[in-house]
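Take a look at the structure below.
The values are calculated or read from the model by the stated rules, or taken from the named source; none is laboratory data. Since the model is a prediction, treat every value here as computed from it, not as a measurement. Cβ sites come from the backbone with ideal geometry, for glycine too, and all protein chains shown count toward neighbours.
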Amino acid sequence: MTTIPESSSMFLLILYIAAVISIQQVAPFQQYQNKYTSCAQNYNRLNPSNIDIPRIIQYSSHTTTTTQHISSLKLTQLNGWVQDSDGEWSWKEDDPNSDSAIATETLILNADSINTQATPSLPAGAFRPKQSLGQNYLRDGNTVAKIVKAFVSDATTTLQTGVSSPSSDEDSNEEEEENILKNTDLRAVELGPGAGALTDVLLPALGTNNLQCIEIDDRSVELLNDKHPNLRVHHEDVLQVNYPQLSELEGGPLSIIGNLPYYITSQILFALADASHSNSIRSATVTMQWEVGRRIVAPTRTKDYGILSVVFQLYADCNIHFKIPPTVFYPQPKVDSALIGLHFLGPTRLRRRLGGVNPSHLRSVVTSTFQQRRKTVRNGLKSLALSVYNGDKDKVQQFLDGEPCPLPQCVLDAQASGDEFALKQELPLDWAKKRPEELTSGQFVEITRMLYGPKEDVNWEESELKNKVWRKMKHGQ
């Protein structure tokens, strides 16, 4: 066969890369798959220098570096290609003998190393989404890649900063932090994988030892077991998951990722908040309805500010990664979605913020006031205060007219260090005349202290954090 000059070979390589990038952006999955394989086969036949095109394309996706410092973990990733005995390349999904658990090389994983190989697709005739389960499957490869990148960023950032780590105390030395970074994996748990759009990208990047899934739909469980025999898939209701037990079995805090059903989003999030009491959850990167995401990050004095805002701005550092349009789901929901990142503080930092206040008491105060959010805090808390003081109206009046308690020393120390949460924790003198949406999470903690105590400084490090506070009693442990 006639060979072509080296310069022509490189020219063809450039054209090939440009064609692949174009196809990745606009072509449907099957068309993309056929063109890509055909193009690689044709070029390899003409390639005089035996340039390994699939490997060049793979490595080109890892050349970009991020300016943000993210801790990198040494993990395993597949290159997405298989080569037959004749030297022809094809996608590993097309090879019935390929094994997704076999690693071809070791890479350093960070947010920029995640890349999708194809648009997610559903088995023909096998997966009609169930409305009863709130199923909306992801079907856009670019969105999947962005979600996984955000997850890696959230999980590795909490590793790097020590958030939710066993040694997150301020007096932990640098050597202990180094040991955490060296010895802790992501321990990823995917909630509701469905047809596996996220799973198919996560598994090659993390490996079966660092990923497991929770799925209630038996069709999904069967599909995932067929596609990934070594993947751990728990056939279980996500509302019943025992996160402390799962964390103990895995050897440390978990990193959560999931495309959550709209109708149970809040209950799933409350379960994660409770799990952070025992340091069972490190981070969560989850999709939800756009309006719910806005409530989580909403500032005070806005209509979106509510119970979700108070709870999760107390328990975690929260942010919206990006907005997700309905067109990337099947079936398409009628509303926009959001990808939310939650970096849970862990029990030590949470106790410091609470300063001895019982989270169960805080729940009673927050729910009572927001049930009447158009009224003042005074009106919202009257019934609860009567219950606490056994109907003694004088004590109720004394509480509602009283001045705020002095801030505990742990909060004063945090204020002195410039902690933004603590700086907004002191109550105004006219706190009872405020509406609920005017008060910060820290100020709700101080109202709870006034009603329930402790009003004196206590050893906050030993205060109790129960396994179940925010989630419903019928839901899990």
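Which residues, taken from the range 459-468, are part of a loop (DSSP other than H, G, I, E, B) and surrounded by 16 or more Cβ atoms within 10 Å (Cβ to Cβ)?
Hits for the range 459-468 are S463, L465, K468.
If the requirement is being among the charged types (D, E, K, R) and in a helix (DSSP H, G or I), which of these qualifies: R373, R471, R378?
Being among the charged types (D, E, K, R) and in a helix (DSSP H, G or I) holds for just one of R373, R471, R378, which is R378.
Go through (1) under 17 Å from D336 (Cβ atoms); (2) crowded, with 23+ Cβ neighbours inside 10 Å; (3) among the aliphatic types (A, V, I, L, M) one by one and return the number of the condition V292 breaks.
V292 satisfies all of (1) under 17 Å from D336 (Cβ atoms); (2) crowded, with 23+ Cβ neighbours inside 10 Å; (3) among the aliphatic types (A, V, I, L, M) except (2).
Restrict the check to the range 366-388 and report whether at least one residue is under 16 Å from E464 (Cα atoms) and among the polar types (S, T, N, Q).
no
Here are some residues: F370, F344. Which one is more than 24 Å from P406 (Cα to Cα), assigned by TED's automatic domain parsing to the domain that holds Q415, surrounded by 17 or more Cβ atoms within 10 Å (Cβ to Cβ) and not β-branched (V, I, T)?
It is F370.
When both residues are 6+ apart or on different chains and their Cβ atoms are under 8 Å apart, which pairs have a first residue that lies in the range 461-477 and is in contact (Cβ under 8 Å) with a residue 12 or more places away in the chain, and a second that is outside any loop (DSSP other than H, G, I, E, B) and among the β-branched types (V, I, T)?
E461/T348; W470/V311
Going by what's in this entry, would S364 be described as buried (at least 23 other Cβ atoms within 10 Å of the Cβ), modelled with pLDDT of 95 or more and not in a strand (DSSP E or B)?
The answer is no for S364.
Residue-wise test of (1) part of a helix (DSSP H, G or I); (2) surrounded by fewer than 16 Cβ atoms within 10 Å (Cβ to Cβ); (3) modelled with pLDDT of 95 or more.
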{"position": "D394", "(1), (2), (3)": "yes, yes, yes"}
{"position": "Q397", "(1), (2), (3)": "yes, yes, yes"}
{"position": "Q415", "(1), (2), (3)": "yes, no, yes"}
{"position": "L427", "(1), (2), (3)": "no, no, yes"}
{"position": "E437", "(1), (2), (3)": "yes, no, yes"}
{"position": "G442", "(1), (2), (3)": "yes, no, yes"}
{"position": "R449", "(1), (2), (3)": "yes, no, yes"}
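If the requirement is being within 30 Å of N459 (Cα to Cα) and either over 14 Å from the mean Cα position of the chain (by Cα) or at pLDDT 95 or above (or both), which of these qualifies: L339, L254, L249?
The unique qualifying residue is L254.
Take the residues of the range 399-413 that are part of a helix (DSSP H, G or I) and without any contact (Cβ under 8 Å) to a residue 40 or more places away in the chain: which is surrounded by the most Cβ atoms within 10 Å (Cβ to Cβ)?
L400
On the given criteria, is A432 assigned to a helix (DSSP H, G or I), among the small types (G, A, S) and surrounded by fewer than 21 Cβ atoms within 10 Å (Cβ to Cβ)?
yes
For L386, state whether it is of a type in the set (A, V, I, L, M, F, W, C) and without any contact (Cβ under 8 Å) to a residue 12 or more places away in the chain.
The answer is yes for L386.
Filter the range 310-344 for residues that are assigned to a helix (DSSP H, G or I), more than 21 Å from F151 (Cα to Cα) and touching a strand residue (DSSP E or B) at 6+ places or on another chain (Cβ under 9 Å) and give the result.
none
Suppose the filter is under 26 Å from Y315 (Cα atoms) and modelled with pLDDT under 85; does I180 pass it?
When the stated conditions are applied, I180 passes them.
Do you know which of the residues in the range 276-312 that are more than 17 Å from T367 (Cα to Cα) and among the basic types (K, R) is nearest to the chain's Cα centre (by Cα)?
R282
Against the definition (at pLDDT below 95 and over 18 Å from L345 (Cβ atoms)), how does P454 come out, yes or no?
yes
Looking only at the range 268-300, which residues are part of a strand (DSSP E or B), touching a Phe, Trp or Tyr at 6+ places or on another chain (Cβ under 8 Å) and of a type in the set (A, V, I, L, M)?
Passing the criteria: I281, A284, M288.
Being among the small types (G, A, S) and buried (at least 20 other Cβ atoms within 10 Å of the Cβ) is the filter; apply it to the range 129-160 and report the residue that is modelled with the lowest pLDDT.
Checked the range 129-160; the qualifying residue modelled with the lowest pLDDT is G141.
Could you look through the range 345-357, keep only residues that are outside any loop (DSSP other than H, G, I, E, B) and not charged (D, E, K, R), and pick out the one that is farthest from S276 (Cα to Cα)?
This residue is L354.
Hey, any hits in the range 311-323 for a residue that's surrounded by fewer than 21 Cβ atoms within 10 Å (Cβ to Cβ) and charged (D, E, K, R)?
Yes - at least one qualifying residue is present in the range 311-323.
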